[in-house]
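Right, one structure below, let's go through it.
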Amino acid sequence: MEKEVIIDLSNATIEEIQTAIDKLNAALTEKQNFVKRDAAEQIMKLAAMAGLDVSIEGLKVAKKHSVAAKYKNPSNDSTWTGRGRKPNWVVEYVNAGGILADIEIK
């Protein structure tokens, strides 16, 4: 199911339209690369499950890098990067009235 995107550019300047085109082209390229990487990863997983050694030429899979912790649990050494699902200790801290800025690693 395709999502309809409506952008009214009738009052936009040429520069604004060009900026919108550039942003859309960048988003399209990023999405295409994501779909290719995802398909390649699925193929490699299936091949590995079947005991096959597969390499996919021309595919550059982004290397995952670690992200520095942004928050530290005040009661122990647990940390959280601020990305993804909040750990239970963060949820409990906030529910108890705590403010994330107070546990931010500076």
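The values are calculated or read from the model by the stated rules, or taken from the named source; none is laboratory data. Quick caveat: nothing in here was measured; it's all calculated off a predicted structure. When we count neighbours, we look across all protein chains shown, and the Cβ atoms used for this are built from the backbone with ideal geometry, even at glycine. Ligands, DNA and RNA are excluded from the accessible area calculation, which covers all protein heavy atoms including side chains. Shrake-Rupley method; radii C 1.70, N 1.55, O 1.52, S 1.80 Å.
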Excluding residues fewer than 8 places away in the same chain, name every one of the aspartates and glutamates whose C-alpha is closer than 20 Å to that of Lys70. Glu92, Asp102, Glu104
In square angstrom, rounded to the nearest 10, how much accessible surface does Leu24 have for a 1.4 Å probe? 100 Å²
Taking the chain and dividing mean pair separation by its residue count, relative contact order in percent (alpha carbons under 8 Å, at least six apart): 16 percent
Cleavage-rule hits (trypsin sites (Lys or Arg not before Pro)) in the stretch 1-38: DSSP loop, at most 16 neighbouring Cβ within 10 angstrom: Lys3
Which aspartates and glutamates does Lys23 reach when only Cα atoms under 13 Å apart count, and residues fewer than 8 places away in its own chain are ignored? Glu15
Of Thr81, Ser66, Ala96, which is farthest along the charge dipole of the stretch 65-106 in the positive direction, counting Lys and Arg as +1 and Asp and Glu as -1 at C-beta? Ser66
Under the Karplus relation 6.51 cos²θ - 1.76 cosθ + 1.60, θ = phi - 60°, what is the ordered set of whole-Hz ³J(HN,Hα) values for the stretch 18-23, x standing for Gly and Pro? 5, 4, 4, 4, 4, 5
Once you have a ≥ b ≥ c as the square roots of the Cα gyration tensor eigenvalues for the chain, tell me rounded if a/c is under 1.5, and otherwise prolate or oblate according to whether a/b is larger than b/c. oblate
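With +1 on the Cβ of every Lys and Arg and -1 on the Cβ of every Asp and Glu, and nothing else charged, how large is the dipole of the chain about its Cα centre, in debye rounded to the nearest 20?
Values: 15 positive and 15 negative charges, 107 e Å.
About 520 debye.
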Go through Asp22, Asp53, Asp102 and list them by solvent-accessible area, largest first, probe radius 1.4 Å. Asp53, Asp102, Asp22
Roll a 1.4 Å probe over the protein heavy atoms and report the accessible area of Ser78 in Å², nearest 10. 40 Å²
